[in-house]
Amino acid sequence: MRRFNKILASLVVLIMTIAATMSCTQDIDFGFKELCFYHPHTAPVKVKVDWSKFRHIEKPTGMTVYAYPLNPDEDLFRFVSHNLDAVTLDLKAGFFHAFAFNQSDSEYATLEFYNLEDFENAEARVVQVKSNWYSTRTPETKLGAEPEWLAIDCLQNIEVTEEMVEIAEQEYLAARQEAARARKNARKELDTKAPTKVTKTQHEVGTLVPKSIIKNVDIYVHLENMHFLRSALGALEDMAEGCYISSRETTEGLVTHTIESWQFVYNKDSEGAEDLMNGAIKATLSTFGTPAGHTGLSEENNLYVKLLLVDNETMIDLNFPIGEQLASINEYDGTQLDENGNVIWPEVHVYWPEPLPEVTPVNPESGGFDVGVSDWGDEIVTVLPLL
């Protein structure tokens, strides 16, 4: 009976040893943890990320990479890192798609992300906002925040071969054997911290080069008698609500962006002196661009501008159809530079043909251009015809 028990005990020990050796999730009781550096049947795939087309616009502090197996039975991978140079993923043999964008999807205040589990339909949209002065033209119209900078790029059909997986498994087994030998030697020397060297072959499969999907547009409203202008507000209507991440194409959804910050740009004579009566008010707006299906017709986008004159009573509402000037805005990605290395963004120029009315300032000594909203006077609207 004792002999039988000894045989049984030896058999149990043998089975447990084999199980520990074959299982990658089992710690080896040699004082080492996590000796299974790669799960069996996967290979470490390295995807480089080149930010040179975006870093001059904004320097990213982190990135998010999604990898999508073409096999529907496998799970997608999400990797968030402050290492901006590359990402290494352990993937099974097969084909994958991947895209990357700056920051984490949870870090944006003006953007929301949808359908990230679906490579083709993953999208970013501006969050909806409210305005205390602008009323939408239709109940379906949304007011959208100006989006923060978003740079994206994707790779399709990344291949992980069976050979890559075989190399990873061989290195995995070699690492376990080396660890066992190191621990054996350490026990003899009564050393509990024997080092383990591990060979890790990373297979480079491509480089992502994110570019900005957000565009700036500089808007100029040219006016005469600007001395009588106190404040301005504006809205750019029917712009794209968002974009599809994998294709960089804008969505069909529409939003209106309000514009509450303007500056004076005065005309100059041949000697460079400023004409304080004539020039333009300028605003810079960030946007995804025009929506899918935009054909470049002027009436597809309207620029609404509300002027408050220095009497603090007279308001002028202006509307400019500018869809034609926005026809090529989606082609801009921040990589177009001038001779000085500055980013070239599209410009919109509109002209109001009538001089602003010569009104009496409510406070002649104050003067100046004010873009504030809260202290606008009662709305006594003067609408001039658009010629």
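The values are calculated or read from the model by the stated rules, or taken from the named source; none is laboratory data. Predicted model, so just to flag it, every value in this text is computed and none were measured. Don't worry about glycine lacking a Cβ; one is built from the backbone with ideal geometry, like all the others, and counts go over all protein chains shown. Areas reflect the complete protein model, heavy atoms only, side chains present, ligands, DNA and RNA absent. Shrake-Rupley method; radii C 1.70, N 1.55, O 1.52, S 1.80 Å.
With the requirement that a residue be farther than 23 Å from ASN278 by Cα, of a type in the set (D, E, K, R), open to solvent by 20 Å² or more (accessible area, probe 1.4 Å) and in a strand (DSSP E or B), what does segment 214-253 give you?
Correct list: ASP238 only.
How many residues does segment 225-263 contain that are of a type outside the set (Val, Ile, Thr), within 32 Å of the chain's Cα centre (by Cα) and more than 29 Å from GLU299 (Cβ to Cβ)? Full working, then the answer.
Quick first cut of segment 225-263, residues of a type outside the set (Val, Ile, Thr) only: 225-244, 246-249, 252-254, 257, 260-263.
Narrowing the set further to residues that are within 32 Å of the chain's Cα centre (by Cα) leaves 232-244, 246-249, 252-254, 257, 260-263.
So of that shortlist, the ones also more than 29 Å from GLU299 (Cβ to Cβ) come out as 246.
Summing the residues that are of a type outside the set (Val, Ile, Thr), within 32 Å of the chain's Cα centre (by Cα) and more than 29 Å from GLU299 (Cβ to Cβ) in segment 225-263 gives 1.
Quick check on segment 162-198: of everything there that is part of a loop (DSSP other than H, G, I, E, B) and surrounded by 13 or more Cβ atoms within 10 Å (Cβ to Cβ), which residue is modelled with the lowest pLDDT?
First pass over segment 162-198, keeping only residues part of a loop (DSSP other than H, G, I, E, B): 189-198.
Narrowing the set further to residues that are surrounded by 13 or more Cβ atoms within 10 Å (Cβ to Cβ) leaves 191, 194, 196, 198.
On the way: ASP191: 53, ALA194: 50, THR196: 54, VAL198: 58.
Once the filter is applied, the top-ranked residue is ALA194.
Can you name the residue in segment 76-98 that is open to solvent by 30 Å² or more (accessible area, probe 1.4 Å) and more than 30 Å from VAL343 (Cβ to Cβ) and is also farthest from the chain's Cα centre (by Cα) among such residues?
The selected residue is ALA93.
What number of residues in segment 124-139 are surrounded by 15 or more Cβ atoms within 10 Å (Cβ to Cβ) and charged (D, E, K, R)?
The number of residues fulfilling the criteria is 1.
Identify, please: which residue in segment 254-266 is open to solvent by less than 20 Å² (accessible area, probe 1.4 Å) and of a type outside the set (Val, Ile, Thr) and is, among those, farthest from ARG125 (Cα to Cα)? Give the steps one after another, and end with the answer.
Step one: list which residues in segment 254-266 are open to solvent by less than 20 Å² (accessible area, probe 1.4 Å), which gives 255-257, 259, 262.
Now restrict to residues that are of a type outside the set (Val, Ile, Thr): 257, 262.
Values: HIS257: 13, TRP262: 25 Å.
Per the criteria, the residue is TRP262.
For the structure I just gave you, tell me whether PHE4 is at pLDDT below 95, in a loop (DSSP other than H, G, I, E, B) and either open to solvent by 20 Å² or more (accessible area, probe 1.4 Å) or aliphatic (A, V, I, L, M) (or both). Spell out how you get there, then give the answer.
Details: at pLDDT below 95: yes; in a loop (DSSP other than H, G, I, E, B): no; either open to solvent by 20 Å² or more (accessible area, probe 1.4 Å) or aliphatic (A, V, I, L, M) (or both): yes.
Criteria not met by PHE4.
Give segment 254-280 a look and list any residue that's small (Gly, Ala, Ser) and assigned to a loop (DSSP other than H, G, I, E, B), or say none.
Restricting attention to segment 254-280, the residues satisfying the condition of being small (Gly, Ala, Ser) are 261, 270, 272-273, 279-280.
Of everything in segment 254-280, those that are small (Gly, Ala, Ser) and assigned to a loop (DSSP other than H, G, I, E, B) turn out to be SER261, SER270, GLY272, ALA273.
Would you confirm whether or not segment 304-317 contains a residue that is open to solvent by less than 40 Å² (accessible area, probe 1.4 Å), closer than 16 Å to THR250 by Cβ and among the polar types (S, T, N, Q)?
Going through segment 304-317, the residues open to solvent by less than 40 Å² (accessible area, probe 1.4 Å) turn out to be 304-312, 314-317.
Of the ones still in play, those that are also closer than 16 Å to THR250 by Cβ are none.
Scanning segment 304-317 turns up no residue that is open to solvent by less than 40 Å² (accessible area, probe 1.4 Å), closer than 16 Å to THR250 by Cβ and among the polar types (S, T, N, Q).
Can you tell me which of ASP27, ASP73, ASP50, ASP105 is at pLDDT below 95, closer than 28 Å to GLN336 by Cα and among the charged types (D, E, K, R)?
Details: ASP27 fails: closer than 28 Å to GLN336 by Cα; ASP73 fails: closer than 28 Å to GLN336 by Cα; ASP50 fails: at pLDDT below 95.
Result: ASP105 is the single residue among ASP27, ASP73, ASP50, ASP105 that is at pLDDT below 95, closer than 28 Å to GLN336 by Cα and among the charged types (D, E, K, R).
Please list, ordered by first then second residue, the pairs with beta carbon atoms under 6 Å, 6 or more apart or interchain, first in segment 140-161 and in contact (Cβ under 8 Å) with a residue 40 or more places away in the chain and open to solvent by 50 Å² or more (accessible area, probe 1.4 Å), second among the small types (Gly, Ala, Ser) and part of a strand (DSSP E or B).
GLU146/SER286
Among GLU274, GLU300, which is the only one that is open to solvent by 20 Å² or more (accessible area, probe 1.4 Å) and in contact with a Gly (Cβ under 9 Å, 6 or more places away or on another chain)?
Details: GLU274 fails: in contact with a Gly (Cβ under 9 Å, 6 or more places away or on another chain).
Selected residue: GLU300, the only one of GLU274, GLU300 that is open to solvent by 20 Å² or more (accessible area, probe 1.4 Å) and in contact with a Gly (Cβ under 9 Å, 6 or more places away or on another chain).
Looking at segment 134-154, which of its residues are at pLDDT 90 or above, in contact with a Ser or Thr (Cβ under 8 Å, 6 or more places away or on another chain) and not charged (D, E, K, R)?
Listed by number, the residues that qualify are TYR134, LEU143, GLY144, ALA145, PRO147, TRP149, LEU150, ALA151, CYS154.
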